[in-house]
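Undergrad: Can you read through this structure? Questions will come right after.
The values are calculated or read from the model by the stated rules, or taken from the named source; none is laboratory data. Computed from a predicted model, the values in this text were never measured in an experiment. In this analysis, Cβ positions are derived from the backbone assuming ideal geometry, glycine residues included, and neighbour counts consider all displayed protein chains. The accessibility values were calculated without ligands, DNA or RNA, using every heavy atom of the protein model including side chains. Shrake-Rupley method; radii C 1.70, N 1.55, O 1.52, S 1.80 Å.
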Amino acid sequence: MTEPDERLSRTARGWDEAADGYQAYFVPRFAPWVKAAVEAVAEVPDGPILVPCCGTFPELDLLAPRFPGRAIVGIDLSAEMVRLARERASRLPDVDVFQGDAAALDPRWSGTCAAVLSVFGLQQLPAPAAAISSWFGALRPGGRMCVVYWPEVAEETGPFALLDEVLEDHADRSWEDGLVDALADAVVERDELVAYPMTHPSAAAYFDAADRAGPLRALALARGDTFIAELRQQYVDQAPAGEWIHHPHARLLAVRKLTRAD
Ligand SMILES: C[S@@+](CC[C@H](N)C(=O)[O-])C[C@H]1O[C@@H](n2cnc3c(N)ncnc32)[C@H](O)[C@@H]1O
């Protein structure tokens, strides 16, 4: 297996193991950002709505009543996420969920979609600018896209900031500056940081959720239990005691694809 394939398969396995816990712990906490993303998409042309990195597909509960009768399509890498998304979708007609890599969409979507919506997937992809450009390419003229992702700095202090600190995460995030430039023919309707309050029962509860039910799972698979146990100890030692409330901000980018009439 090549290195990128190995990374992709570890990401998929990580989210497979995390899926049930993610649904229980993170989906309710991330709900305000999902709502903001859905509300940023209005007045779209005919065509399906595509949701890359849909996870358990919380977007669907808001998209379906907002766009009755539309085909809504979720794509996610993780088989377990797809299973949970299909469970959610089983209550609704006109919904499909596909398992696959959403980093580069199947060319069959090119120029066909009314809207693309993606929440908290982009920052996990190896080449986010290329991915968002491929998502934008799926839009018809006049179509709208809203992407919400966690930026390099989601907060100055708090549970997310402390996790970055103990992880000593120095990943190159220069791609964030190039996202808008990656979208030719886009009218930027909103590009802002959107913050909501989030509560964790304790620092340990948040760390364990990130480890067992969130983005740390793939790292745990790569680095092993001893590494995670040491990281947890450092995290808890540096964190405040008791319930932890913070106000992290995500970047919300909403664009419309130009039409000939524009
Ligand atoms: C943080 S979850 C967000 C899920 C959902 N959008 C939400 O807001 O709850 C990120 C999702 O991205 C998916 N993902 C990560 N890399 C992916 C890829 N290359 N292609 C498709 N999905 C991917 C994961 O499997 C996971 O379900």
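Undergrad: Would you mind calculating the gained length between D46 and L221 on full extension (0.36 nm times residue separation, minus the Cα-Cα distance), in nm to one decimal?
TA: 58.7 nm
Undergrad: Which value, in debye to the nearest 20, describes the size of the charge dipole of segment 79-163 about its Cα centre when Lys and Arg Cβ atoms bear +1, Asp and Glu Cβ atoms bear -1, and nothing else is charged?
TA: Around 400 debye, computed over segment 79-163.
Undergrad: For segment 119-241, take N as its residue count and report Rg(C-alpha) divided by 2.2 N^0.38 Å.
TA: Taking N as the residue count of segment 119-241, the ratio is 1.25.
Undergrad: Treating the beta-carbon of each Lys and Arg as +1 and of each Asp and Glu as -1, no other charges, what is the dipole magnitude of segment 142-210 about its Cα centre, to the nearest 20 debye?
TA: The dipole magnitude comes to about 380 debye.
Undergrad: Same structure, new question: Using only Cα atoms, tell me the angle between helix 128-137 and the longest principal axis of the chain; keep it within 0 to 90° and round to the nearest 10.
TA: 20 degrees
Undergrad: Turning to a different aspect of this structure: Relative contact order of segment 1-93, please, whole-number percent, based on alpha carbon pairs below 8 angstrom and at least 6 residues apart.
TA: With pairs under 8 Å counted, the relative contact order is 34 percent.
Undergrad: Under 10 Å, Cα contacts only: if you run a Gaussian network model on the chain, which one of A18, A241, A154 comes out with the highest mean-square fluctuation?
TA: A241
Undergrad: What is the angle, in °, between the Cα long axis of helix 79-89 and the longest principal axis of the Cα atoms in the chain? Nearest 10 is fine, range 0 to 90.
TA: Helix 79-89 sits at roughly 60 degrees to that axis.
Undergrad: Let me ask you something else. From the residues T11, P68, G142, which one has its Cα farthest along the dipole of the chain in the positive direction, the dipole being from +1 and -1 charges on Cβ of Lys/Arg and Asp/Glu about the Cα centre?
TA: Farthest towards the positive pole: P68.
Undergrad: I would also like to ask the following. So what are the ³J(HN,Hα) numbers for segment 95-107, from phi and the Karplus equation (6.51, -1.76, 1.60; θ = phi - 60°), rounded to whole Hz, Gly and Pro as x?
TA: Using θ = phi - 60°, the values come out as 10, 10, 10, 10, 8, x, 7, 8, 5, 9, 6, 4, x Hz.
Undergrad: Taking θ = phi - 60°, what integer Hz values does the Karplus form 6.51 cos²θ - 1.76 cosθ + 1.60 yield along segment 68-73, in sequence order, with x for Gly and Pro?
TA: Residue by residue, segment 68-73 yields x, x, 6, 6, 10, 10 Hz.
Undergrad: Ok, one more. Determine which residues of segment 164-204 fall in the zone a paramagnetic label at Q238 would reach in this model, i.e. backbone nitrogen under 11 Å from the point 7 Å along Cα→Cβ.
TA: Only 164-169 pass the distance filter.
Undergrad: Would you please give the FRET efficiency between D61 and R190, computed as 1/(1 + (r/R0)^6) with r the Cβ-Cβ distance and R0 = 25 Å, to the nearest 0.05?
TA: 0.70
Undergrad: Sticking with this one: I need the calculated FRET efficiency for the pair S90 and A261, taking r as the beta carbon distance and R₀ as 35 Å, to the nearest 0.05.
TA: Efficiency at R0 = 35 Å is approximately 0.30.
Undergrad: Taking H as built 1.01 Å from N, whose amide H comes closer than 5 Å to the amide H of D94, not counting residues under 5 places away?
TA: Residues meeting the criterion, in which the H sits 1.01 Å from N, do not exist here.
Undergrad: Let me check against my output: what whole-number percent is the relative contact order of segment 65-191, with C-alpha pairs under 8 Å and at least 6 apart?
TA: This gives 20 percent for segment 65-191.
Undergrad: So how strong a dipole does the chain carry about its Cα centre when Lys and Arg Cβ are +1 and Asp and Glu Cβ are -1, to the nearest 20 debye?
TA: 1020 debye
Undergrad: Right, here's the next one. Taking only C-alpha pairs under 8 Å that are 6+ residues apart, what is the relative contact order of segment 137-257 in percent?
TA: Relative contact order comes out at 53 percent.
Undergrad: How much length is gained if the chain between E165 and R7 is pulled fully straight, taking 0.36 nm per residue apart and subtracting their Cα-Cα distance, in nm to one decimal?
TA: Taking 0.36 nm per residue and subtracting the Cα distance, the gain is 54.6 nm.
Undergrad: Let me ask something else. What ranking of Y25, Y206 comes out by heavy-atom accessible area, probe 1.4 Å, highest first?
TA: Greatest to least solvent exposure: Y25, Y206.
Undergrad: Carbon-plus-sulfur fraction of the accessible area of segment 212-254, 1.4 Å probe, in percent?
TA: 49 percent
Undergrad: Roughly what angle does helix 225-238 make with the longest principal axis of the chain, taking Cα atoms, 0 to 90 degrees, to the nearest 10?
TA: Roughly 80 degrees, rounded to the nearest 10.
Undergrad: Turning to a different aspect of this structure: Could you check what % of the DSSP bridge pairs in the chain are antiparallel, to the nearest 5?
TA: The antiparallel fraction comes to roughly 50 percent.
Undergrad: Using only protein heavy atoms and a 1.4 Å probe, report how much of T56 is accessible, in Å² to the nearest 10.
TA: It works out to around 0 Å².
Undergrad: Apply the Debye scattering formula to segment 1-108, with a single equal point scatterer on each alpha-carbon and no solvent, then give log10 I(q)/I(0) at q = 0.17, 0.18 Å⁻¹.
TA: -0.83, -0.92
Undergrad: Can you order the peptides 79-91, 59-71 by their average number of other Cβ atoms within 10 Å per residue, highest first?
TA: 79-91, 59-71
Undergrad: Hey, another quick one. The chain: D in µm²/s via Stokes-Einstein (Kirkwood Rh, Cα pairs, 10 °C, 1.306 mPa s)?
TA: Roughly 84 µm²/s, to the nearest whole number.
Undergrad: Expressed as a whole number of Å, what is the distance separating the alpha-carbon centroids of segment 198-252 and segment 51-112?
TA: Each part reduced to its Cα centre gives a spacing of 28 Å.
Undergrad: Can you sort V153, V44, V148 by 1.4 Å-probe accessible area, starting with the largest?
TA: The ranking, largest first, comes out as V153, V44, V148.
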